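Asks: Handing you this structure, nothing more for now.
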Amino acid sequence: MRKPGATLVAVIATLLYGASAVGQECEPAVDLMESNDAVNRIAECDYSDEGLNGWLQGRGDAKPAEESSELKASADSAVAVGDEFTLSRNTIASALDMLQARYALVRQATEHCEGAAALIEESYMPEARGATGLYMKFYCR
Amino acid sequence: MRVPFLLAAAALVSAQASADVTVYGKANVSLQHADEAGNREIELQSNSSRIGLMGQESLSDSVAILYRFEYETSVDDGDKDGQTLTQRNIYLGLQTAGGTLMGGVFDSPLKTAAAGVDLFNDLEGDIRSIFAGENRPKNIVQYVTPKSLGPVTAKVAYITKEVDGIDGVSASAAYKLEDLYLAMAMDQDVEDNVDNTDTYRLVGAYSLGAFQLGGAYEKYERHIGSGDGYFASLKWSLTDQWILKTQYGQSDIKVEGRESFSLGGDYIFSKTAKAFAYFTTNQDDAIRDDDYLGVGLEMKF
């Protein structure tokens with residue numbers, strides 16, 4: 001017959017194991033801080049891009065997106081059909097910045113080509129403080 | 001005062017983005033018709049609207065410092081006890097693999113044990129109308145067991161005698177696993193700042209599909225007598241947007257024969273915004289015969 005103490009240990013071990021497999025979704029920070037186990041969960045959730053934090057981060061980091069100089073030298077000269085070129089914008093800190101940066105690069109590309117500008121590749125690079133760099137590769141057709 | 005605070009918060013977040021400072025809070029405002037023993041009026045209520053800063057920073061691989069500075073602000077009239085902002089939970093703590101030691105002014109273990117079960121928290125149907133122990137003591141030092149204990153969180157707090165000359169102790173043990181939450185807690189000489197008061201509380205909650213059941217039992221003892229009470233709550237998530245909830249409690253702790261019944265509904269706009277409506281009646285054998293009907297809006301950030 002199994003001893004009661006061993007049964008208790010087995011139950012506790014099962015419960016602890018079960019809990020370790022359970023992940024908790026992050027609720028809004030104000031709710032997390034009201035929870036009974038708040039101090040053990042502060043490090044679990046990243047609110048840096050949420051709510052007021054996202055807005056404050058954006059204002060703190062917001063700089064005008066930097067234009068690449070890669071094209072500036074050749075922008076005034078006519079480009080032959082088939083030529084490939086890359087345009088980029090750095091330090092994009094928000095969704096709105098991303099939209100504006102993409103629009104600016106597309107416009108810049110169409111001005112650069114004599115004919116139509118076609119997108120070959122679009123890529124993103126992480127930057128400091130959560131900002132993003134946007135890279136767009138075009139060719140003229 | 002509010003503007004400098006926000007500017008300070010902005011500066012702090014901007015300057016120390018890597019230090020995991022989080023600005024958080026909520027605005028919760030309701031317009032309610034209050035009928036308090038026949039005295040009827042329309043009221044705009046700020047239901048514990050607040051703003052705070054919290055964060056955690058590693059001092060080494062095994063030691064972290066954590067902090068929280070939370071203030072209440074009255075969205076309805078801008079005045080909270082003569083102040084624009086009043087202190088809520090404020091603490092500074094040290095966290096290691098062995099647990100967290102923290103000091104400041106913050107909700108007692110007995111109070112936080114019922115977090116999430118009171119569905120009308122901060123409204124007229126808040127369990128503070130029937131239960132003792134909803135305290136935020138000053139000069140409190142608390143130990144919290146580490147996360148490595150899994151579903152178990154235990155707290156022990158000591159309240160110094162600085163304020164009233166009486167030492168107090170509050171403790172709790174909670175078990176949380178998936179949809180089940182159980183807790184027991186006690187206070188000694190914390191309530192009413194008098195000697196020989198003991199409060200005991202049992203709390204439970206369980207989620208079953210779209211339903212969440214909750215409840216608590218409390219016994220309060222003091223040298224001139226004792227009382228007990230209970231409450232039960234039910235939340236029903238009809239859809240992702242609509243939630244119905246109700247709560248009933250009865251207690252002899254504060255006044256003989258006090259009852260509180262609430263019925264309400266939430267409309268969820270997003271994870272952070274909701275509209276809500278509620279009806280609450282608080283009655284007892286001696287003082288209160290109050291009804292409240294309200295609608296409100298909440299924004300968390």
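The values are calculated or read from the model by the stated rules, or taken from the named source; none is laboratory data. It should be emphasised that the depicted structure is a prediction, and the values quoted were computed from it without experimental measurement. Positions of Cβ are generated from backbone atoms using ideal geometry, with glycine treated the same way; all protein chains shown enter the neighbour counts. What goes into the accessible areas is simple: the full protein's heavy atoms, side chains included, and nothing from ligands, DNA or RNA. Shrake-Rupley method; radii C 1.70, N 1.55, O 1.52, S 1.80 Å.
Asks: Using a Förster radius of 51 Å, what is the FRET efficiency between B:Leu202 and B:Gln83 based on their Cβ-Cβ separation? Nearest 0.05, please.
Replies: For R0 = 51 Å, the calculated efficiency reads 0.90.
Asks: Can I ask one more? For a label point 7 angstrom out from the Cα of B:Leu182 toward its Cβ, which stretches of segment B:129-153 have the backbone nitrogen within less than 15 Å?
Replies: B:151-153
Asks: Tell me, what is a quarter of the convex hull surface for the C-alpha atoms of segment B:151-274, in nm² with one decimal?
Replies: Spelled out: convex hull of the Cα atoms, projected over all directions, averaged, 9.4 nm².
Asks: Return the FRET efficiency for the residue pair B:Arg40, A:Ala43: r is the Cβ-Cβ distance, R0 is 35 Å, and the value is rounded to the nearest 0.05.
Replies: Result of the calculation: an efficiency of 0.10.
Asks: Once Lys and Arg get +1 and Asp and Glu get -1 on their Cβ, which of B:Val194, B:Gln142, B:Ser251 lies farthest toward the positive end of the dipole of chain B?
Replies: B:Gln142
Asks: Pop out the Kirkwood hydrodynamic radius of segment B:205-301 from its pairwise C-alpha distances, inverse of mean 1/r, in Å to one decimal.
Replies: 15.1
Asks: To the nearest 500 deg cm²/dmol, what mean residue ellipticity at 222 nm is calculated for chain B from DSSP H runs of n ≥ 4 alone, each contributing -39,500 (n - 2.57), summed and divided by the residues?
Replies: Rounded to the nearest 500, it is -1500 deg cm²/dmol.
Asks: So what are chain B's ellipsoid semi-axes, whole angstrom, largest first, if each one is the square root of 5 times an eigenvalue of the alpha-carbon gyration tensor?
Replies: 30, 26, 21
Asks: Same structure again: With r defined as the distance between the Cβ atoms of B:Leu293 and A:Lys137 and R0 fixed at 45 Å, what FRET efficiency is calculated, to the nearest 0.05?
Replies: Computed FRET efficiency for B:Leu293 and A:Lys137 comes out at 0.15.
Asks: Residues of chain B: accessible area per residue at 1.4 Å, in Å²?
Replies: Per-residue accessible area for chain B comes out at 47 Å².
Asks: Another one. Am I reading the B/A interface right? What is its buried accessible area, both sides, 1.4 Å probe, to the nearest 100 Å²?
Replies: About 3200 Å² of accessible surface is lost on pairing.
Asks: Need one number: nm distance between label points at B:Val163 and B:Thr239, each 7 Å from Cα along Cα→Cβ, rounded to one decimal.
Replies: Here the answer is 4.6 nm between the modelled labels.
Asks: Please work out how much length the chain gains when fully extended from B:Asn139 to B:Ser62, using 0.36 nm per residue of separation minus the C-alpha to C-alpha distance, in nm with one decimal.
Replies: 25.0 nm is the gain from fully extending B:Asn139 to B:Ser62.
Asks: How well do other chains shield peptide B:23-29, expressed as the mean number of their Cβ atoms within 10 Å of each residue Cβ?
Replies: 5
Asks: Straight-line reach only, C-alpha to C-alpha below 20 angstrom: list the lysines that B:Lys155 could link to, leaving out same-chain residues fewer than 8 apart.
Replies: B:Lys111, B:Lys138, B:Lys147, B:Lys176, B:Lys219
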